[in-house]
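One structure below.
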Amino acid sequence: MVMMRMVVVLLSVMMVCVLLMDATVESTAEFDPYKVLGVTRSASQAEIKKVYKRLAKEWHPDKNKNPEAEDMFIKITKSYEILTNEEKKASYDRYGQTDNAHPYGRGHHGFRHFHDNFYFDESFFHFPFNNKGGRDFANSKYMLHFKQYVNEVVPDSFKRPYLIKITSDWCFSCIHFEPVWKETVQELETLGIGIGVVDVGYERRLANHLGAHQTPSILGVVNGKVAFFHYAVVKDHLMQFIENLLPQRLVEKVTDKNNQEFLKSWHELNKPHVLLFDQVPSVPLLYKLTAFAYKDYVQFGYVDQGLSETADLLRKFNINTYAPTMLVFKEDVEKPADIIQAKGMKKQIIDDFISNNKFLLAPRLGNQKLFDELCPVKQFHRRRKYCVLLITGEEESFATGNEAFLSLASASTNDVLRFAYVYQRRQQPLCDVLLKNKDSTPPQVVILERRNGAGKILYKPVFGGWNGSKEDKHKLLEELERLQKDPSILNCDAVLPELNNEFTSMFLIRWIYTAYDYLSEIIDDLLHNNWREMMPLLSLIFSALFILFGTVVIQAFSDSSEEKQPKTKAKEASKAENGSPHTSSTSSRPPKKNFVEVTELTDITYTSNLVKLRPGHINVVLVLTDSTKNILLSKFAKEVYSFTGSLTLHFSFLNVDKHSEWMAAVLEYAQDAMQIDTDEEEVGIRKVDYTGYVLALNGHKKYLCLFKPVYTGEDLDSKPEEEGGGSRSRKGMTRSRSTSLQIHHKLDRLGLWIERLMEGTLPRYYVPSWPGLDKITVNK
């Protein structure tokens with residue numbers, strides 16, 4: 001009986017627990033911020049805000065006397081807080097709740113559900129891994145999703161670096177460095193560094209986008225670029241990693257020797273200059289981060305108070321060595337425009353100090369971004385800003401007026417007025433719009449107010465020009481006083497073009513610095529064998545090398561194609577020597593055309609057809625005269641037609657009547673082939689006849705192969721002369737016809753010669769340099 005009672009009691013307790021659990025889950029599931037506001041999950045922030053305003057007015061307890069109005073108003077306010085907070089909204093979309101108040105919230109507290117009504121809570125066993133309750137407590141506010149990274153983190157990384165941890169539910173290794181991570185994150189947050197955590201189990205797309213293929217991983221993001229941490233997870237290593245992420249040359253070391261050069265560069269850089277005095281030898285990380293955040297506005301320098309080379313600077317500006325001091329200099333390099341000194345330099349203090357001194361007293365409008373920030377578009381009546389613009393020049397004659405305008409800007413204490421100047425030569429389109437009157441020449445002062453982002457302005461030129469005199473100052477001050485009372489004096493309107501970027505000339509220097517930083521990252525990745533991340537870059541490099549190597553190899557084979565000398569049998573050589581002309585076409589490609597293209601070699605075509613002939617190409621040149629031109633060209637075309645399919649052979653002819661001196665100069669290097677039998681005829685009496693000669697000229701390697709005509713034909717129509725017989729008239733006709741036939745047969749073996757030329761078995765005669773073709777022999 002006792003046992004039965006105990007069982008009944010236990011069953012009753014279990015029933016009560018189950019009912020309480022169901023009630024808790026149902027109460028949690030009942031609250032849906034989307035249903036409360038009546039919006040969809042894809043609703044924009046503007047739609048949510050609009051609906052919230054309408055419902056808040058409708059259900060406000062002071063206006064709505066419904067008893068449920070107060071509860072409904074609380075639900076509306078809570079729903080609006082959830083859906084307008086990116087972290088809470090993402091947490092609700094993912095887990096169904098936004099905080100740790102509900103221990104049985106679905107998917108949020110590290111449980112695994114085996115059935116819709118039964119849950120397993122791992123927190124009971126205190127598992128260090130997969131404990132989302134503990135993880136969310138430390139990392140929930142740092143969780144990143146893909147859209148948040150692309151839309152927020154990447155743009156923000158151009159102002160501050162980010163440290164991101166890649167983890168997962170079942171990451172055992174993450175347990176070991178979690179205490180170091182928490183301690184480091186706590187310190188880095190005070191410096192303004194962005195922190196992020198990516199759970200691979202839920203954000204696989206973001207992990208792949210970052211190139212993180214293993215857990216745990218730690219990486220940094222700066223200027224949109226990702227860099228991985230490769231060292232032991234120690235606080236000092238992580239701090240050094242963040243410092244190495246920042247670009248070089250953010251802060252310049254300033255001493256007594258270079259302080260004037262540093263401060264006087266304000267005119268060239270068009271920026272204020274900030275000096276930090278501290279006793280630390282290296283530049284503090286907080287100061288480097290500030291310099292990175294404001295690099296587009298301010299130039300930063302650091303003075304080490306412990307060096308003897310900075311003693312004059314300390315005395316000049318009366319620096320207290322017991323606390324860090326920050327000075328900002330604008331146009332006056334002898335007197336700081338603002339100063340701050342504190343033992344504990346906090347980020348918020350430094351940011352406020354720099355933000356209040358981002359611009360010079362009268363900066364030069366060098367790009368559209370500066371114009372937009374210095375002279376913003378009118379939004380509300382109370383935020384109205386007027387821009388007092390001086391249009392001037394860079395010459396020395398404008399210096400007096402420019403200095404007077406600067407002194408006027410320095411004396412002004414009105415926050416509504418912004419003083420600036422432009423150089424007419426650098427911003428000609430802008431000046432052409434503002435100076436519509438052709439008689440208006442710089443220097444001129446224009447007061448303007450921007451009306452919209454499309455460039456529309458209202459403006460009023462101050463008549464009489466600007467020379468910096470007292471009268472000019474008095475006239476300008478009167479106009480500004482009238483403007484404060486009556487803004488309608490700006491009676492002219494115009495649409496300004498976008499300003500030219502005057503700092504594009506510095507693009508090359510910035511590109512060099514960026515390339516240097518990128519190469520440093522590549523070397524660092526190679527040293528740490530981060531091959532998975534380096535694979536795209538290595539693939540690109542090897543592809544480029546393969547293409548380059550392949551091009552060189554193909555070119556080398558093309559150059560050496562004519563140098564191959566295959567060993568042939570003696571039988572084949574004798575057959576080629578004594579064979580019929582049709583055998584000359586056996587090793588050549590089929591002709592591509594039904595004609596032979598032969599060009600004349602003159603002083604105009606000489607360079608392209610010989611001197612600068614492509615490597616591996618040969619020009620076959622027929623030598624002829626005016627009288628033999630038609631006969632030899634016809635025979636030459638028949639002999640070489642079967643070789644016109646070759647891509648490396650070109651065909652030309654040379655008129656020896658015009659260029660006999662060039663022939664003699666070239667053939668001086670082929671004396672072995674030009675030997676003449678002096679027993680039959682003497683050189684001094686008989687002139688050499690070059691008709692029918694063929695030269696194979698390789699312009700790139702500077703050598704030639706020579707074909708000397710050999711008569712092999714027979715005159716079948718002529719009969720041998722009988723002793724003492726035959727008339728003179730018939731003898732003369734026979735001699736003329738036999739001469740024509742002899743010229744025709746001079747090229748009988750040209751086909752066999754070209755075949756040997758293609759095989760590379762012909763003797764070559766090298767020429768030191770090709771003689772010019774400008775010497776023309778006059779016909780005699």
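The values are calculated or read from the model by the stated rules, or taken from the named source; none is laboratory data. From a predicted model like this one, the values you see are computed outputs, not experimental measurements. Here Cβ is always computed from backbone atoms with ideal geometry, including for glycine, and neighbour counts include all displayed protein chains. These area figures cover heavy atoms from the full protein model, side chains too; ligands, DNA and RNA do not enter into them. Shrake-Rupley method; radii C 1.70, N 1.55, O 1.52, S 1.80 Å.
Here are some notes:
- For region 642-666, the residues whose backbone nitrogen is under 20 Å from a point 7 Å from the Cα of Glu597, taken along Cα to Cβ, are 642-654.
- DSSP beta bridge pairing in region 137-245, given as percent antiparallel to the nearest 5: 55 percent
- Close amide-amide hydrogen proximity is noted between Phe653 and Thr599, Glu600, Leu601, Leu622, each under 5 Å apart and 5 or more residues distant or on a separate chain (H modeled in the peptide plane; Pro and chain starts excluded).
- Restricting region 253-287 to trypsin sites (Lys or Arg not before Pro) in coil, as DSSP defines it, with at most 11 other Cβ within 10 Å: Lys257
- Residue-span extension gain [Leu633 to Lys369] - 0.36 nm each, minus C-alpha spacing: 87.7 nm
- In the context of the full protein assembly, Arg54 retains an accessible surface of approximately 130 Å², using a probe radius of 1.4 Å and ignoring ligands and nucleic acids.
- Shape of region 137-245, Cα gyration tensor, a/c cut at 1.5: rounded
- If you sort Trp662, Trp170, Trp770 by accessible surface, 1.4 Å probe, largest first, the order is Trp170, Trp770, Trp662.
- The 3J(HN,Hα) values that the Karplus relation (6.51, -1.76, 1.60; θ = phi - 60°) gives for region 410-427 are, in residue order, 5, 7, 6, 10, 8, 5, 6, 9, 10, 9, 7, 9, 9, 8, 4, 5, 8, 10 Hz. Gly and Pro appear as x.
- Residue-normalised accessible area of region 308-370, expressed per residue, 1.4 Å probe, Å²: 51 Å²
- FRET efficiency, Gln240 to Ala311 (Cβ-Cβ, R0 45 Å, nearest 0.05): 0.90
- For region 137-245, the fraction of 1.4 Å probe accessible surface lying on carbon and sulfur atoms is 52 percent.
- Protein heavy-atom surface of region 368-495, 1.4 angstrom probe: 49% of the accessible area is carbon and sulfur, with nucleic acids and ligands not counted.
- Surface composition of region 251-357: carbon and sulfur atoms hold 49% of the protein heavy-atom accessible area at a 1.4 Å probe.
- Think of a 1.4 Å ball rolled over the protein heavy atoms: region 137-245 then has 47 Å² of accessible area per residue.
- Estimated vicinal HN-Hα couplings, Hz - region 191-208 in sequence order (Karplus 6.51, -1.76, 1.60; Gly, Pro = x): 8, x, 7, x, 10, x, 10, 10, 8, 4, x, 10, 10, 4, 5, 5, 4, 5
- Over region 368-495, equivalent-ellipsoid semi-axes from the Cα gyration tensor in Å: 21, 18, 14
- Here the label points at Val150 and Val416, each 7 Å from Cα along the C-beta direction, are separated by 4.5 nm in the simple model.
- Three semi-axes of the equivalent ellipsoid, region 251-357, Cα gyration tensor, whole Å, largest first: 18, 17, 13
- Which of Ile754, Ile541 is most accessible, then next, and so on - probe 1.4 Å: Ile541, Ile754
- Within region 368-495, DSSP assigns beta bridges of which about 70% are antiparallel (rounded to the nearest 5).
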